[in-house]
Amino acid sequence: MRTDCKICGMNTASRRRAYTGHPLFSIGLRPFFLAAAAWPAATVPIWVLAWLGVAPFAGAMTRDWHVHEMLFGYLAAVVAGFLLTAVPNWTGRMPVIGRPLAGLAGLWLAGRLAMLAAPTATWAGVTDSLFLVVFAAVIWREVLAGRNWRNLPVGGLVTLLALANIGLHLRGQAPELALASERVALGAAAVLIALIGGRVTPSFTRNWLIKRGATALPATASRFDTAVIVATALGAAAWALAPESRTAGVLLAVAGAANLARLTRWRGLATRAEPLVWILHVGYAWLGVGLIALGAAALAPAHIARSAGVHALTVGAIGVMTLAMMTRATRGHTGRSLETGPYTLALYALANLAAILRVLAALAPEQQAMLLGLASLAWSGAFALFLLVYGPMLTGPRATPAGSPPATAIRGRAA
């Protein structure tokens, strides 16, 4: 079955030999999207209980652990699932499947267990760091071997995530480096959304509109899009180096406004009949809002809490955009139709509600405990619904339309 986006690796035809192992390791998104959904669904409520001082979680799960696991647990898993699925299509090379894929997933899981067991121990930091280092090496191997020069920035951003993770584990020796590493990781995530989200959102929108006979289509990529990505990278870099500086505030605000202007060129309102498409526009809108809020916090710290911008980017842009891609890619790569049901619509609503409540919690300190609790429930509910609806798709055989080869004949080869 051919799906609808070469940009994100949705074309799964040919170039592969038969794979007859367990479906879970037949394509990169299956184990990593499953893990990505399970991890925040379980850990965010635990973190909130720890923050509220509820025994036995109080003191066991710190703010540093929470930050690390959202950036290098959840986000790293989503990025891995997406790129392991997309890069073979970009490069024309064989995908990482079977035992190598299981090995990568095992490295990710080992990091999570290590960070639960002893988050400040050196051995845990080394164990956790291995996954992103190895994964970055895999991406560089594929991009360079495939001479896929257009996606060199993707390899660079994954490497930046790996280095930021190492920096975070040096908190005891270099606390300022660790804080800067948090900002570097969040900035890299913002640039990834601007780069890849800026490709797939107009592409999927264009395909959907063409199928319905529309003549007014999203603007094609131009120098303006490149300028927006550069502005996002400059704002993120300035914030990573000097988060309270006026320069960082201005650059972030400009980047946020530029991303929102970019979004208006993609005809999002015309897709309101299809949640699988318009949710991408909503996720991208959170990127613009988050950058503006972060810039406002740098320019007027007495009035805008930095946490509002941080969580507009993390829970909003990262959370909503990744769920949008996970639902769509899961359906496409398991042979399901690209249509939503009520449960998918509900998880989109819960993800956005969680983002709104978490931003409000940063702006209303007197109501913070209540808002944090509600945001946690909405966030976990979104991922629990994802596991309920999409978990069986990720772990089971590919759906086979009438007249197609058996579902066990999943095509692929271990890299």
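No value in this document is a laboratory result; all are computed from the given coordinates. This structure is a prediction, so every number in the text was calculated from the model and none was measured. No Cβ is skipped: glycine too gets one built from the backbone with ideal geometry, and neighbour counts run over all protein chains shown.
Tabulated data for the structure shown
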read-out: Kirkwood hydrodynamic radius (C-alpha pairs) into Stokes-Einstein, region 306-348, 37 °C and 0.692 mPa s, D in µm²/s; value: 286 µm²/s
read-out: Anisotropy class of region 82-232 from Cα gyration tensor, a/c 1.5 cut; value: prolate
read-out: Net charge contributed by nearby residues that have their C-beta within less than 13 Å of Gly167 (K/R +1, D/E -1); value: -2
read-out: Local electrostatic count at Pro23 - Lys and Arg +1, Asp and Glu -1, tallied over other residues with Cβ under 11 Å; value: +2
read-out: 12 Å beta-carbon shell around Pro40, net charge (K/R +1, D/E -1); value: 0
read-out: Calculated log₁₀ intensity ratio I(q)/I(0) where the Debye formula runs over C-alpha points of the chain, q = 0.06, 0.14 Å⁻¹; value: -0.22, -1.36
read-out: Amide H partners (placed H, <5 Å) of Tyr19, local residues excluded; value: Ile410, Arg411, Gly412
read-out: Size of region 286-369 as Cα extents on the principal axes (Å, biggest first); value: 51, 24, 12
read-out: Projected label distance in nm at Met94 and Arg265, using a 7 Å step from Cα toward the beta-carbon; value: 4.0 nm
read-out: Helix-only [θ]222 nm of the chain, DSSP H runs n ≥ 4, -39500 (n - 2.57) each, per residue, nearest 500; value: -22000 deg cm²/dmol
read-out: Percentage of interatomic Cα-Cα distances in region 197-238 larger than 15 Å; value: 52 percent
read-out: Residue range of the chain that is longest and free of GluC sites (Glu not before Pro) which are both DSSP loop and sparsely packed (at most 16 other C-beta within 10 Å); value: 1-243
read-out: In Hz, Karplus ³J(HN,Hα) per residue of region 199-209 (6.51, -1.76, 1.60; θ = phi - 60°; x = Gly, Pro); value: 8, 6, 4, x, 5, 5, 5, 4, 4, 5, 5
